Every structure is written in C-alpha cells, then in structure tokens.
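Asker: Next up is a structure, given as structure tokens.
FYI, it's all coordinate maths here, none of it is from the lab. Being a predicted model, the structure only gives us computed values, none of them experimental. We place every Cβ from the backbone using ideal geometry, glycine too, and count neighbours over all the protein chains shown.
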Amino acid sequence: MRRDITGWYSERLYMNMPIVAYGHSGYPILMLPTAAADYLEYERFYLIDAIKHHIEAGHVRVYSVNSVNRHSLLNDSASPDIKMEYQSRYDSYLINEVLPFIRHDCGSASVLPLVSGISLGAYLAANTFFKHPDQYGGAILLAGSYNIRHYLDGYYDDNSYFNNPMDYLPNLSDNYHLPILQSGTRKIIIYTGQGAYEAPERAYDLSRVLSGKGIPHELDVWGHDVNHDWPWWRKAMDFYVSRLFG
C-alpha cells in the first residue's frame, strides 16, 4: 500500500502542517483527527488497517492532516476569540491548501473528496463540509459533537457563529449552498453509538436541523453496547467505506 508523507509551512496557520496519503487510486477521503491528535492518529489506532483492503483494491485513497485543536478549542490558556480565529484559519487551510493538494495528487481539478472525522474530528469535518458543500462529495461523521459553544465561555462573534454548525445551519437560506445540500448529490452519514461515553442526542440534534432544512442524510444509531472507542470506530469506518465504495 502506498504511504507518502509530505507537508508544507502554512502561511494561514503559521506552522508546518504535514499530510499523509494512503493508496494509489480510488475515491479520495480526507480524514480529520480526534481531539488534539495528529495526522498519523488513524494509523496508530489501526483504523487505516481496518480499511486497508479497500485502499489496496483501489476503491479509495485516504489523506490525513493535523488539526489545530490543541491551539484552539482545547487550549485553556487561549482566549475565545483566539480559539475561533484558529478555527477560521484552519477551515481556510483545508479549502485553499489541502483540497488543491488532494486534487493534484488525484490528477483531477474537479474531484470532490469525501471528508470524515471522529469525535471532535467529526465536528471539524461537519464544519468544513456544511460551509463548503460545493467542495466536497459528502461527509462521514462518527460520534461527534456539532455545537462548540461550551468551549467559548459565553463569548460570541462572527467567527463563533460561522464555525458552529448548530448555529449557522438552522439559518441557512442562500440560493447556492442550500440547494446543493438539498439536492441529494452529497452523501451525509451521521453515526452514533449508545454505549459508554457516547452522546447520541448530539447526532439526533444535527439530524433534526438537517431534516428541518430539507437536507437528505442518514442518521445511523448503533446499539447500547457501542462505546465511544476505537474498536467500534474501526468497524464503522470499514462498514461505511464498504457500502459507499466497496
């Protein structure tokens, strides 16, 4: 299986941002890491191994990057406005730096990668997807939380609003992004378990907002034995990649 690591200094984030690419062909999937983890997290926790057969068969190719959560949402010493400035810059980094890299690597300027993430990574994936549905082919959101207000201690500004899906999605009414989301051409999967440390109400809340806007999606609720942990996430990712691309 091809495994290439590269990276560059991001002028938007003022830091070096590595990226790893797995696979030689197939539909591209951009994976955003959990919590404060790095671009190799999905490899360390064997999630790449769980979908390796799809990668080696040429069904998908996978890209993984760092997050900036340790500087933003999870940085207790940062003020809320700095946290949200990082989130805005990270979204710009994904759209203006990572997506062009993926398209160049795939040899297609028009390809629409699917974006995915787990836990806090699911928030990152949801945020970039719902803000830019014209740039992505869909989203697989695993065990996420989609409202970040509790990280901000009551602070609120434009960056807070436009980087919090549970704020801006209910008000989405434009004539460009909303019709794309309503068209059914984007695959949206919202997964949650109901076991230890899961919070299925967060998935239900997001689903309720999407239904209210007429946005097709799949809410997939797994059992009460399904915990907020890697063994289940590996099974879920293999299941969804098999169903979409197998």
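Asker: Over the Cα atoms of region 140-200, each weighted equally, I'd like the Debye log10 I(q)/I(0) at q = 0.15 Å⁻¹, rounded to two decimals.
Answerer: -0.64
Asker: Mind sorting Ser88, Ser64, Ser173, Ser160 by how few other Cβ atoms lie within 10 Å of their own Cβ, fewest first?
Answerer: Details: Ser88 16, Ser64 26, Ser173 8, Ser160 20.
Neighbour counts put them in this order, fewest first: Ser173, Ser88, Ser160, Ser64.
Asker: I want to verify the translational diffusion coefficient of region 143-246 in µm²/s; compute it with Stokes-Einstein, Rh as the Kirkwood radius over Cα pairs, at 10 °C and 1.306 mPa s. Walk me through the numbers on the way to the answer.
Answerer: Numbers: Rh = 15.2 Å.
D, rounded to a whole number, is 104 µm²/s.
Asker: What three numbers, in Å, describe the spread of the alpha carbons of the chain along their principal axes, ordered from the longest?
Answerer: The principal-axis extents, from largest down, are 47, 42, 39 Å.
Asker: Here's another thing I want to ask about it. Tell me the volume per residue, in Å³, of the convex hull enclosing the alpha carbons of region 1-74.
Answerer: Working: hull volume 6.3 nm³, N = 74.
In region 1-74, the Cα hull volume divided by residue count equals 85 Å³.
Asker: For the chain, what does -39500 (n - 2.57) per DSSP helix run (n ≥ 4), summed and divided by total residues, give at 222 nm, in deg cm²/dmol to the nearest 500? Let's see the in-between values first.
Answerer: Working: 11 runs with 91 residues, N = 246.
Counting only the DSSP helices, I get -10000 deg cm²/dmol.
Asker: Along the positive direction of the dipole of the chain (beta-carbon charges: Lys, Arg +1; Asp, Glu -1; about the Cα centre), which of Ile190, Ser79, Asn16 reaches farthest?
Answerer: Ile190
Asker: Once you charge only the Cβ atoms, +1 for Lys and Arg and -1 for Asp and Glu, what is the size of the charge dipole of the chain about its Cα centre, to the nearest 20 debye?
Answerer: Details: 20 positive and 27 negative charges, 120 e Å.
Charge dipole, the chain, about its Cα centre: 580 debye, nearest 20.
Asker: Roughly how many Å is it from the Cα centre of region 1-71 to that of region 124-181, as a whole number?
Answerer: 22 Å
Asker: Here's another thing I want to ask about it. Taking every eigenvalue of the Cα gyration tensor of region 62-194, multiplying by 5 and rooting it, what semi-axes result, largest first, whole Å?
Answerer: Working: eigenvalues 112, 61, 44 Å².
Result for region 62-194: semi-axes of 24, 18, 15 Å.
Asker: Counting only DSSP beta bridges with both residues in region 3-245, what percent are antiparallel, rounded to the nearest 5? Display every interim value, and only then the final one.
Answerer: Numbers: 12 of 35 bridges.
Just about 35 percent of them are antiparallel.
Asker: If contacts are Cα pairs under 8 angstrom and at least 6 residues apart, what is the relative contact order of region 3-245 in percent? Mind showing how you got there, number by number?
Answerer: Working: 456 pairs, mean separation 42.9, N = 243.
Averaging sequence separation for qualifying contacts and normalising by length gives 18 percent for region 3-245.
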